[in-house]
Amino acid sequence: MKVAGDWLEHRGTRALLAALESAGYRALFVGGCVRNAVLGLPVADTDLATDALPETVSNIAENTGFRAVPTGIEHGTVTVLADGRAHEVTTFRRDVETDGRRAVVAFSTHIEEDAARRDFTMNALYADALGNVLDPLGGLSDTLARRVRFVGEAEARIREDYLRILRFFRFHACYGDPTLGLDAEGLAACAAFSAGLETISRERIGAEMRKLLGARDPSPAVAAMAASGVLAQVLPGADHRALAPLVHLEASAPPRWLRRLVVLGGQAVDTALRLSRPETRDLAALVAAVSGMDSPAALGWRLGADLGTDAVLARAAVLGGPPSADWQAEVSRGAAAVLPVTAADLMPGLEGAALGARLKALEARWLASGLRLTRDDLLKS
Ligand code: ATP
Ligand code: MG
């Protein structure tokens, strides 16, 4: 099999591969770029694998006129900036020691060893500079069938790194065949070792959950997480049942992971996933909106177009009823609307707390009118 695409033709990429090869080393595309090209999906980043040692990679890159940044030197990764594109170049590795969280690695000159320490067969594909796919573990047929399977024995691979539990569900959500169930051996191993996720940092868990919930339809994967006890482990108190209805209601709205997170609910989600401050604020606003009574227009006004859309869809999914037919136009109208009275309109007659209370009351009247009362209407009242 041969893959093609702009990412393969990029001038800097070609020059970097040629430089490594003419110095006598192997240089191959690996991981996401090959997998996505095989699946006909867009390629986001270019990762390369080589038998050259990191220092050699740096020297060769710099002698070719590129910048080499030692971004993960202890793991053998050098980022090479070539003609405006970043390439993560990682020396072939094998695991020497693992403890469920991090691995001690040794460099290797064998592609088979490098492939064997990767997580899923679809992530253990390589391609040469011409796009010829190299498949040291037989992952190509799994990839073409969109089957997410662990490299080797699922249990053993999970015990090396418990984050792979979440990656199993994430890759199924992003790249799996939705009509196929999850791989039975993988799922059973995830269920058996879900408690191991406790040892994984919340940043890593949060990063995987963001990607998982950003998939076009994460609901089958999340349902499997719930059934296997993994969901309760990462998001205590979460309930997946409104997620499939949400995805259905979203229709062509772009997937937004935070909107999906809202309908899952759960306790202390911000700490569980190490959300940023703005994410925590948006989540709280959405949670309040879902249990509140605001109209789509009022939600658009309060939260803006994007969060307003999230709020309408999430509430409809949780309550189990579709939103009004004109909800999108209403959210947009609200997002563009401006409360027609300001504090200045009420001064100097009112001040301090009384002014604040009056303004709030006028805002409530305006919202209750569907954002239609004018400044005169409100000041006369
Ligand atoms: P995406 O485009 O969705 O990011 P990706 O394949 O690039 O997909 P990454 O998480 O960026 O995913 O990882 C890059 C590659 O590194 C994977 O394809 C896989 O081969 C390997 N890898 C990453 N994390 C692990 C892990 N925890 N265990 C084993 N291999 C891993
Ligand atoms: Mg990646």
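Any read-out appearing in this document is the output of simple, stated calculations on the displayed coordinates, not a laboratory observation. Because the structure is predicted, anything quoted here is derived from the model rather than measured. Reconstructed Cβ throughout: ideal geometry from the backbone, glycine too, with neighbour counts over all protein chains shown.
Computing Rg and the Kirkwood Rh from the Cα coordinates of the chain gives a ratio, Rg/Rh, of 1.09.
With the gyration tensor restricted to C-alpha atoms of the range 236-337, the semi-axes of the equivalent ellipsoid amount to 21, 16, 11 Å, longest first. Remark: C-alpha extents of the range 340-381 on the principal axes read 28, 16, 14 Å, sorted largest to smallest. Going by Cα centres, the range 277-308 and the range 340-378 are how many Å apart? Answer, in whole Å: 21. When you restrict to C-alpha pairs under 8 Å that are six or more residues apart and normalise by the size of the range 236-337, the relative contact order lands at 31 percent.
Reducing the range 247-269 and the range 187-234 to their Cα centroids gives an inter-centroid distance of 15 Å. Across all directions, the average flat footprint of the convex hull enclosing the Cα atoms of the range 1-143 is 8.0 nm².
The base-10 log of I(q)/I(0) for the range 183-293, evaluated at q = 0.14, 0.16, 0.24 Å⁻¹, reads -0.56, -0.73, -1.56 [Debye formula, identical scatterers on Cα atoms, solvent excluded]. For the range 129-239, the alpha carbon convex hull comes to 124 Å³ per residue, rounded to a whole number.
Highest average first, the peptides 340-353, 154-167, 90-103, 180-193 ordered by how many other beta carbon atoms sit within 10 Å of their residues are 154-167, 180-193, 90-103, 340-353. Counting 0.36 nm for each residue step from ASP345 to ASP270 and taking away their Cα separation leaves a gain of 23.0 nm. Ranked by how many other Cβ atoms sit within 10 Å of their own Cβ, fewest first, the residues LEU41, LEU48 fall in the order LEU41, LEU48.
Taken along the Cα-to-beta-carbon direction at a fixed 7 Å, the label points for ALA86 and LYS2 span 3.2 nm.
Bridgeable aspartates and glutamates around LYS380 (alpha carbons under 18 Å apart, same-chain partners fewer than 8 residues away excluded): ASP345, GLU363.
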